[in-house]
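> Starting off with a structure, shown below.
The values are calculated or read from the model by the stated rules, or taken from the named source; none is laboratory data. Because the structure is predicted, anything quoted here is derived from the model rather than measured. Don't worry about glycine lacking a Cβ; one is built from the backbone with ideal geometry, like all the others, and counts go over all protein chains shown. Side chains are part of the model used for accessible areas, which takes the heavy atoms of the whole protein and leaves out ligands, DNA and RNA. Shrake-Rupley method; radii C 1.70, N 1.55, O 1.52, S 1.80 Å.
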Amino acid sequence: MHSTPHPPASSRGVSPYSSVFRTLKQLSPELAAFTVTSRPPSGFTTPHLDSKARLDTPVQFCATSRAAPPTLPAIAKPRAKTSRTREPQDGRLIGILAALNGEVCGRNIAMCLRTLRDADTFCGASQPLRVEFVEKGGVRLLLGLLDRHPQHSSLLAGIMMVLRALSKEEIGRSAMVQAGVIQRVLDWLADHSDTVVQTCGMAMLESVVSGGKFRLEDSQRKVLINQIMETLGASPDVVQVQVACVACLRSLVIRSPDSIDQILEINLLAMVFRATTRSRNDSPVLRHCCLLLTTVADLSQKGACKLLELGLVKLVHQLLSPLLKLGQNDTVEVMAVAPVLDVLCQMLKLAEARDQARDLGLEEGVHAILSNLSTSEVIAARCCNAIWSFAADQSGAANLVEAGAVGTVLSVLQMFGTDLQVQRHGMLALSNMLAADEHSTARMQIAGSVKALVDGLHGNMSSGTALCEGCMALTQLAVSSDGKQMLVAAGAVDTMACILRTRRDPASLGQALGVLINLATLSSSTQTGITSMGCTRQIIKLLTRYKDNVSIQARCCWALSNLVCFRNADNQIFMLKQGALLRVFKTLTYHKTSPKV
């Protein structure tokens, strides 16, 4: 059936829905009081149907332009807040939905579809509107409308999109649970093979599962997992269906990690793995699959081992291989690479995975990617994370140091001095490489950049995570005498004093104390300098402030001991005046059963 698109509202001077609601008024007198103020929403495209279309008339969503019709209508963007937006438009929608549940109006599918489109736009506008829609019985009316036309695919997809918008609110999820929507949606998905219905249904379930306090019952969760497996198998080439299924499965895994065992039992993980293998490097399917695989490997040791058995490390090598041929001037789609690197970083926590990756050349490959694509902070942070994992082994750290990874990481740290993720993972990578540096090769490579490292740490004083990782690297550098001298010359003592004065989190304070413990053994003059910077005074205060923290107490006592290890009379007198001896005695009494203290 052919028809021409409606002309713009502005050209006709009236709402494009005027004819629709004139028909509704003729069909149902109780709607005579309603007027139309809504503009065409951007959610569903208008069905090109005659206003008298009946149930036996096939309904298709048609594009009003030359573009291909969307299979997953997006929830309309919120309109600007105007006086019209807060008019009792929900009352009209509720009234129309009630009329459509009646005997006469309910037969007109075109009217139902257009009303659902209005409801989708209305519920997607703002939180108060969604709440009001639910409070006035919108969920019940939507289900009633569906009961009249249980086999109409387009109507079913439209209802699911409205329910998806309502599921953003706790009251909407509660109303849907009370009405048994979850089980009904699962039944609908089992009965309908239409890809639009499958996509909208999975998107709606993902929204419900991922938010609020609601959790699926074990029986519902099992049915959902089986339905996802069936849908993935039935539509292997439909991108929207694959993305919706994988996103729903990931939300389920995050909210209920024990569902991973059920996924492994039915071998669904292998199906997701095959979907990842089939996808292109820049496809949304690849990105969502990688997010799911990363989540599974992070939450379940059993899941990570299963992925290793399936050959995930080999797949990552295949996906990253094109990047190894790129030069420094080449560009790359960051969002296509980042999820793959996330999977690799998560898998590298397993020693067996590190061995496989090293055999495949991924150790050198990640270093090459960091060297050639270091202009992206997203890729740089993930490559530094992978280097940190590779350097956890003595052999891996030695290989990376020999390949010049220390210099590469240093350049990245200087390039992205304000990016907390780059700073954190870069410092961790340096820490592992320095810890395994038997021949001081890494320390020699880092010599010219110590000042920049210390300054970068001082610039990230607001981030406890970045401070922890940075101090860990400086502690490893301060193991040797040369490293201590470089740090003292670069102003590391002043930075540690600033951390002790301004930070209150035990993690940052503990790592800063670790740096001072090592620096205090350099010389008597260094000890005096540490005291003159105010560090000794702050350490004594920490003994009182964190008297219940065993780790802080032990490190404070260790630092005070090192500060007088060269019989530094000035420091001894200063500590006595500050009451350090009494405070240490109280600590020994309070923690008399702690070997560490």
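> Roughly how compact is the range 205-309, stated as its Cα Rg over 2.2 N^0.38 Å to two decimals?
In units of the 2.2 N^0.38 Å rule of thumb, it is 0.99.
> Per residue, how much accessible surface does the range 199-252 expose to a 1.4 Å probe? Answer in Å², no decimals.
Averaged over the residues of the range 199-252, the accessible area is 38 Å².
> What Kirkwood Rh does the range 124-253 have if only Cα atoms enter the pairwise 1/r average? Answer in Å. Mind showing how you got there, number by number?
Details: mean 1/r = 0.0683 Å⁻¹.
When all Cα pairs of the range 124-253 are included, the Kirkwood radius is 14.7 Å.
> Solvent-accessible area of R537, probe 1.4 Å, all protein chains present, reported in Å² to the nearest ten, please.
It works out to around 100 Å².
> Would you work out which of F416, S508, S440 lies farthest towards the positive end of the dipole of the range 398-522? Charges go on Cβ: Lys and Arg +1, Asp and Glu -1.
S508
> Binning every alpha carbon pair distance of the range 465-589 at 5 Å from zero, what are the percents per bin?
2, 12, 24, 25, 21, 11, 4, 0
> By accessible area of protein heavy atoms, probe 1.4 Å, what ranking do M461, M176 get, highest first?
These residues rank, largest area first, as M461, M176.
> At a 1.4 Å probe radius, carbon and sulfur cover how many percent of the accessible area of the range 460-597?
On the range 460-597, the fraction of accessible area on carbon and sulfur atoms equals 56 percent.
> Please state the relative contact order of the range 382-468 as a whole percent: Cα pairs under 8 Å, 6+ residues apart? Intermediate values should be presented prior to the final figure.
On the way: 91 pairs, mean separation 30.3, N = 87.
The value is 35 percent.
> If you roll a 1.4 angstrom probe over the protein chains with everything in place, what fraction of the accessible area of the range 175-259 belongs to carbon and sulfur, to the nearest %?
Here it works out to 48 percent.
> Where the Cα atoms of the range 139-189 are projected onto their three principal axes, how long is each span, largest first, in whole Å?
Extents along the principal axes: 29, 19, 17 Å.
> I would also like to ask the following. Given Cα positions, please report Rg to Rh for the range 309-422, the hydrodynamic radius being the Kirkwood one.
Values: Rg = 13.0 Å, Rh = 14.0 Å.
The Rg/Rh ratio comes out at 0.93.
> Considering only protein heavy atoms, what per residue accessible area in square angstrom results for the range 421-466 with a 1.4 angstrom probe?
Per-residue accessible area for the range 421-466 comes out at 39 Å².
> As a test of understanding, state the convex hull volume per residue of the range 397-483 from its alpha carbons, in Å³.
Hull volume over Cα atoms, normalised by residue count, gives 75 Å³.
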